[in-house]
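The values are calculated or read from the model by the stated rules, or taken from the named source; none is laboratory data. What you are looking at is a predicted structure, and each value in this text was computed from that prediction instead of being measured. Cβ placement follows ideal geometry from the backbone for every residue including glycine, while neighbour counts extend to all protein chains displayed. All accessible areas refer to the heavy atoms of the entire protein, side chains included, with ligands and DNA or RNA removed. Shrake-Rupley method; radii C 1.70, N 1.55, O 1.52, S 1.80 Å.
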Amino acid sequence: MNKLTILSTGILLFVLPLLVVAAIRIVTPTGADVPRDKREEREKRFILETATRNFDELMASLSENSEFLIVVYTASNGPADLGPPVVMRSFLRDRRVSKLHALLTKMSKEEAAEKVASAYTDEFAAYQTTWAVANQTSSSIFTEPKYGLSAKLFLCSEFCDETKTLELIDVWTRWHQNNLGASQEFAESAGPCPLMVANLYAQQLIHRGVQLEVINQLLTELSMKVSETKFSALVYWDMILWDDLAVPGESLPSAANKNRVPKQIPVFPSWLPATEFIFTPAVQQLVLATLRAELKTHQENEKPE
């Protein structure tokens, strides 16, 4: 069997189960068939509604509004992308996340950490209930609950300390692993996205002052052991600036903010180009274990002798 055949087979094995799961349980919003003028109208409404909402309302909306999630997905997903948008890219193009980030930045470090951790904890309790009901009734699970929980975890990684961030990742992971027998759909969809977790681990390393090139080299060495191609590189992406948002068809709301520098977030855009990182969960877990071990090494090195 040649490499092209293997790759084609791998794509089918990866995509078909996702399509089946989507048809049975997971309902993901899409705006691909919406006319351009309607998309712009929806985006304008999204910006205006986001502008009027307070902190708690924005947090709640992350898990509720499929219409606005379509706007986010459209902004974060390139035309050549295969499958659903990469969740980290979606966070950086979500106006609600951007405004929440701006609001949290104005708080004290302690207040910001407490508020976002509390929001995540409440969301996780609701997420568990949502899946419990779905497993009992065979009802559909929409994208928003997992997206909202994931977005709050991203904000935790920005404003909580490393220990708290890793604790929250572990709690979600353990809950998922301990309940894999609930249903096939739960096993495949309820846990945290491995690529997102890889991003959050890398983010913690960056917070520690580890250079982006060092992380890329670490994963390049790992990927060459399991693949003939390099792992997709970690790069910096700009988070959309809330204060600089332009309403479609109108000028920027504040000319004074034109020179502001966007917040840059380290992002693995995808598992590509190493196909094995897409199709093999064991290799994905190897990436996570490698990044987590690197974090542990730094933790151990900073302990007093």
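With every protein chain present, what accessible area does residue 175 have (1.4 Å probe, heavy atoms only), rounded to the nearest 10 Å²?
Surface accessible to solvent at residue 175 totals approximately 40 Å².
Could you calculate the contour length gain from residue 303 to residue 103, that is, 0.36 nm times the residue separation minus the distance between their Cα atoms, to one decimal place in nm?
Details: separation 200, 0.36 × 200 = 72.00 nm, distance 3.35 nm.
Contour length minus Cα-Cα distance gives 68.7 nm.
Counting other Cβ atoms within 10 Å, keep those with at most 11, restrict to DSSP loop, and tell me which trypsin sites (Lys or Arg not before Pro) in the range 109-165 are left. Don't skip to the answer; put the middle values down first.
Values: sites: 109, 115, 146, 152, 164; in loops: none.
Nothing satisfies the criteria.
If DNA, RNA and ligands are ignored and the probe is 1.4 Å, what is the ranking of 236, 127 by accessible area, most exposed first? Could you put the intermediate results ahead of the total?
Working: 236 105, 127 5 Å².
Of 236, 127, the descending order of accessible area is 236, 127.
Going by amide H atoms built from the backbone, whose H comes under 5 Å of the H on residue 237, apart from near neighbours?
Amide H neighbours of residue 237: 265, 267.
What's the carbon and sulfur percent of the range 108-169's accessible surface, probe 1.4 angstrom, rounded to a whole number? Write out the running numbers ahead of the final one.
On the way: 1360 of 2570 Å².
It is 53 percent, rounded to a whole number.
Just how much of residue 174 is accessible, in Å², when a 1.4 Å probe is used and the result is rounded to the nearest 10?
130
Please express the shape of the range 156-236 as an equivalent ellipsoid: the semi-axes are the square roots of 5 times the eigenvalues of the C-alpha gyration tensor, given largest first in whole angstrom.
On the way: eigenvalues 135, 76, 15 Å².
Calculated on Cα positions only, the semi-axes equal 26, 20, 9 Å.
Given a 1.4 Å probe and heavy atoms of the protein chains only, how would you sort 50, 137, 290, largest accessible area at the top? Please report the intermediate quantities before stating the final value.
Values: 50 0, 137 85, 290 30 Å².
Descending order: 137, 290, 50.
Which pairs in the list 44/106; 109/152; 106/263; 106/303 are over 20 Å apart, alpha-carbon to alpha-carbon?
Values: 44/106 26 Å; 109/152 16 Å; 106/263 14 Å; 106/303 31 Å.
From the list (44/106; 109/152; 106/263; 106/303), the Cα-Cα distance tops 20 Å for 44/106; 106/303.
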